[in-house]
Amino acid sequence: MENKLKNILFILLIISLQACNYADIGGMFIANESINQRFEESQRHNKDQQPVTIMVPTDSYKIAVMADVHIGSTVNFDKAIQKIKSLNFNALVLNGDICNGNKSDFERYATQVKLVDPIPYFPLVGNHELYFGGWKNYLTYLGSSTYYFSIKTNNAEDLIICLDTGSGTLGSKQLAWFKNLLKTKRSAYRNCIVFTHNNLYRIRHTSSTNPLTEELLVMTELFARYNVNMVVAGHDHHKNIVTLGNTIHITLNAMKDGFDEADFLNISCTNGALNYQFTDIK
Amino acid sequence: MGANYHFKIKTYPLQGELFFLQNVLNNYVTERNYIGSISTNAQKLNATLGLGFKTIGFTSYARKQAGINTNKSISEIFNLIYDINYSFLNPESAWKLKIGISNIDEFTVNQATNPMTFVSARYNLSDKLELVTDVCYKTAGAFNLHVNYYGFYIRPGIIWKIN
């Protein structure tokens, strides 16, 4: 009788988790769409538009980056946008988990993100956007999950690559695209920054899932071989900086409401030298 | 490279193991794993629990090619190592068949949140030689990441035990 009660309670817990807006239990067994599918749909989306080039009149620019906003609510998001606009950034990267996967979250995002105008913004997909069949909404409201853009100063041009690691893997097609992009285009650019939602190295105890080791080694090789200057990630919710070879790996604090340490990253480039600092939203 | 030691706690048989694994990718990236674990030694259901420590770095060739003079490697935080498996056949039989879930095998050490599912068939040729065929299914993503198929391998081989 006791065992039966425990089993019933366990099943009720699973159902309630599924019913809440945060946990997608089905995804623990199989994703709604594969990373290769998402990559192909992203590339079809990209075909209609040229990669964006942001023109900057001097050899100096700033990129703001935030991650793990988890809209829902947008108190921190709104504060961050106000601060970003007041500090005259040249671009904003939204590094995944911007929304929680529900259609209402994406609709809320679509309304609030307009406050960023006229600063160009570049979203990436995180794991939470894929919950509850969220990929279709992501494609509709945020666009492609794999693309690149550049920032052109009066002196040089820097390459910014946005990757989809929402499922913990680049997948075979995106990896081939990434390798080819680095091989054919990297040398034409001065600096190269890669954005990925999923952080790569496990520097602190966490329950977050990260890429498989063999894929991690492949990415480590690519970053070194093609001199990627900076890799910026989210997912872990806690700030971390580690340097491996010539690549700085930065993991961001979460921007979600209720998170005490919410801040955003300020990447600045002055005369070709990349620097970073974290800016509080308070 | 590994070494193990069989012991008992009261009458319960256990096996302690120290294991070192180095992988080199394309003569560029080196991964080193240092693992200590304890396994049960029961007839049917067995479990291994341990801690692993991983460093990722660059070979001297890579450092020369990429101009890397500092920050040649990083170390990840201690990683939980586990293996839970069930053996189907009679333990006295020369044949062994088991199914299990683990984040480690002889050539791979994954983070704790990346388990692999495996089926392992083994045949004892002698006290020192064992024929092995392992089939392993890997997924990317687990727990808070949607699961994607990643790959599988079929690995035949021979294990030579040095006693």
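All of the numbers you see were taken from the coordinates with simple rules; none came from a lab. The shown structure was predicted, so the numbers you read here are calculated from the model rather than taken from an experiment. FYI the Cβ positions are ideal-geometry reconstructions off the backbone, even for glycines, and counts take in every protein chain you see.
Sequence neighbours fewer than 8 away in the same chain don't count; with that in mind, list the aspartates and glutamates whose C-alpha is under 19 Å from A:K136. By straight Cα distance, A:K136 reaches A:D24, A:E33, A:E40, A:E41, A:D48, A:D97, A:D105, A:E107, A:D164. Using only Cα atoms, find the angle between the long axis of helix A:2-19 and the longest principal axis of chain A, and express it within 0 to 90 degrees, rounded to the nearest 10. For helix A:2-19, the angle is close to 40 degrees. Once the convex hull of all Cα atoms in the stretch B:1-90 is built, its volume per residue stands at 117 Å³. Checking the Cα-Cα distances for A:K62/A:K85; B:K10/B:K44; B:K8/B:K96; A:K79/A:K114; A:K173/B:K54; A:K152/A:K185 against a 18 Å cut-off, the pairs over it are B:K10/B:K44; B:K8/B:K96; A:K173/B:K54.
Residue separation times 0.36 nm, minus the C-alpha to C-alpha distance between A:K239 and A:Q50: what's the value? Working shown, then result.
Details: separation 189, 0.36 × 189 = 68.04 nm, distance 3.33 nm.
Extra length from A:K239 to A:Q50 when fully extended: 64.7 nm.
Taking the longest Cα principal axis of chain A as reference, the axis of helix A:171-185 is set at about 10 degrees. Averaged over the residues of A:191-203, the number of partner chain Cβ atoms lying within 10 Å of the residue Cβ comes to 2. Footprinting exposure proxy ranking of B:V119, B:V147, fewest other C-beta atoms within 10 angstrom first, gives B:V119, B:V147.
Quick one: A:D260, B:D105, A:D117, A:D24, fewest Cβ neighbours within 10 Å first, how do they rank? Intermediate results must be reported in sequence, preceding the final value.
On the way: A:D260 6, B:D105 17, A:D117 10, A:D24 23.
Going from least to most buried by this count: A:D260, A:D117, B:D105, A:D24.
Dividing the summed helix terms, -39500 (n - 2.57) for each DSSP H run of n ≥ 4, by the number of residues in the protein assembly as shown produces a 222 nm estimate of -6500 deg cm²/dmol to the nearest 500.
Return the average number of partner chain Cβ atoms within 10 angstrom of each residue Cβ along peptide B:132-139.
Across B:132-139, the average partner-chain Cβ count within 10 Å equals 1.
Placing a pseudo-label 7 Å from each Cα along the Cα-to-Cβ vector at A:Q277 and A:R186 gives an inter-label distance of 3.0 nm. Simple rule: put +1 on each Lys or Arg Cβ and -1 on each Asp or Glu Cβ in the protein assembly as shown, find the dipole, and look at A:H70, A:N155, B:L18; the Cα lying farthest toward the positive end is B:L18. Within the protein assembly as shown, antiparallel bridges make up roughly 80 percent of the DSSP beta bridges whose residues both belong there.
Report note on the peptides A:45-58, A:92-105: ranked by the mean count of other C-beta atoms within 10 Å, highest first, their order is A:92-105, A:45-58. Here's the picture: a label point sits 7 Å out from the Cα of B:R155 along the beta-carbon direction, and within the stretch B:108-146 the residues with their amide nitrogen under 15 Å of it are B:108-111, B:115-122, B:131-139.
Here the alpha carbons of the stretch A:172-282 define both size measures, Rg and Dmax, at 14.8, 43 Å.
For A:D164, B:D134, which order do you get if you count the other beta carbons within 10 Å of each Cβ and list the fewest first? Don't jump to the answer; show the numbers that get you there.
Numbers: A:D164 28, B:D134 17.
Taking fewest neighbouring Cβ atoms as first place, the list is B:D134, A:D164.
Computed from the C-beta positions of B:Y34 and A:E40, the FRET efficiency with R₀ = 51 Å rounds to 0.80.
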